1. Given the conditions (1) in contact with a Gly (Cβ under 9 Å, 6 or more places away or on another chain); (2) in contact (Cβ under 8 Å) with a residue 24 or more places away in the chain; (3) among the hydroxyl-bearing types (Ser, Thr, Tyr), and given that residue 148 satisfies all but one, which numbered condition is not satisfied?
2. For the stretch 158-215: of the residues being polar (S, T, N, Q) and assigned to a helix (DSSP H, G or I), which is nearest to residue 123 (Cα to Cα)?
3. Among the residues of the stretch 57-75 satisfying the criterion of being surrounded by 19 or more Cβ atoms within 10 Å (Cβ to Cβ) and of a type in the set (S, T, N, Q), which is nearest to residue 158 (Cα to Cα)?
4. Would you please list the contacts, defined by Cβ atoms under 8 Å and residues six or more apart or on different chains, that run from a residue in the stretch 48-64 that is within 15 Å of residue 160 (Cβ to Cβ) to a residue that is not in a helix (DSSP H, G or I)?
5. Just need a number here: residues in the stretch 76-97 that are in contact (Cβ under 8 Å) with a residue 12 or more places away in the chain, assigned to a helix (DSSP H, G or I) and surrounded by fewer than 24 Cβ atoms within 10 Å (Cβ to Cβ).
Amino acid sequence: MKKNKLNIKSYIAEFIGTCVLVVFGCGTACAVHCEVNGGYLITALAFGLVIVAMAYSIGNISGCHINPAVSLAMLINKKMNVTDFIGYLISQFLGAIFGSLILLLYFGKDSGLGANGLYEENILLSILIEAILTFVFIFAILGVTSKSKNAQVTGIVIGLTLTLVHILGIHFTGTSVNPARSFGPALFAGGDALVNVWVFIVGPCLGSAVAAYAWKFIGNKDE
């Protein structure tokens with residue numbers, strides 16, 4: 001990770017990457033109605049494939065976090081500084097908002113815009129589900145990026161892991177594991193999606209922090 005005080009190119013890359021994630025991930029959920037006729041798998045693949053595409057597009061520029069939970073883990077593991085962390089968060093949330101605006105134009109507010117929802121109206125259970133899903137996702141990221149020899153397959157592994165957590169998680173909450181991805185659609189969908197969006201910020205951040213500290217404890221370093 002670059003240590004410049006202002007990595008403008010990295011911030012732009014994070015904006016673009018997060019925008020693409022929302023447009024193609026959440027957009028696919030809207031297009032295939034997610035829960036109908038194999039929509040789970042198609043939506044899960046869409047999110048995973050976006051990560052693969054962006055990893056090999058902007059990975060060498062910003063690291064392709066496109067997710068505040070990923071940036072939080074990198075901050076905890078001292079792979080980025082506070083200035084870049086803040087810059088990444090702003091870029092990611094703005095990218096998600098812009099991507100959600102595109103979805104609003106494509107599908108209209110009534111589509112739900114791929115916003116997340118509570119599982120059985122249970123806040124604590126939804127936070128726990130998101131924390132567990134995010135833990136697995138972040139733990140895989142930290143593991144595969146810990147060895148430089150994995151560089152050629154990093155994007156594929158991360159993309160497949162995101163697909164994996166979506167295959168299970170869509171049934172419960174629609175799968176966030178990404179506060180920015182949740183905030184953008186909720187902002188325009190409004191209603192319960194916006195009221196409960198904090199759950200999809202707290203859950204992923206909690207899972208990310210636990211994964212980061214767990215990796216600090218057991219992980220092997222190959223910097």
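The values are calculated or read from the model by the stated rules, or taken from the named source; none is laboratory data. Predicted, not measured: the structure shown is a model, and the values here were computed from it. Glycine gets a Cβ as well: all are built from the backbone with ideal geometry, and neighbour counts include every protein chain shown.
1. (1)
2. Out of the qualifying residues, it is 182.
3. Looking at residues that are surrounded by 19 or more Cβ atoms within 10 Å (Cβ to Cβ) and of a type in the set (S, T, N, Q), I get 67.
4. Between residues of the stretch 48-64 that are within 15 Å of residue 160 (Cβ to Cβ) and residues that are not in a helix (DSSP H, G or I), the close pairs are 51/64; 51/66; 54/64; 54/66; 55/64.
5. The qualifying residues number 9.
For every residue, the table says whether it meets (1) at pLDDT 95 or above; (2) closer than 26 Å to residue 188 by Cβ; (3) touching a Lys or Arg at 6+ places or on another chain (Cβ under 7 Å).
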residue: 2; (1), (2), (3): no, no, no
residue: 18; (1), (2), (3): yes, yes, no
residue: 32; (1), (2), (3): no, yes, no
residue: 43; (1), (2), (3): yes, yes, no
residue: 46; (1), (2), (3): yes, yes, no
residue: 50; (1), (2), (3): yes, yes, no
residue: 58; (1), (2), (3): yes, yes, no
residue: 66; (1), (2), (3): yes, yes, no
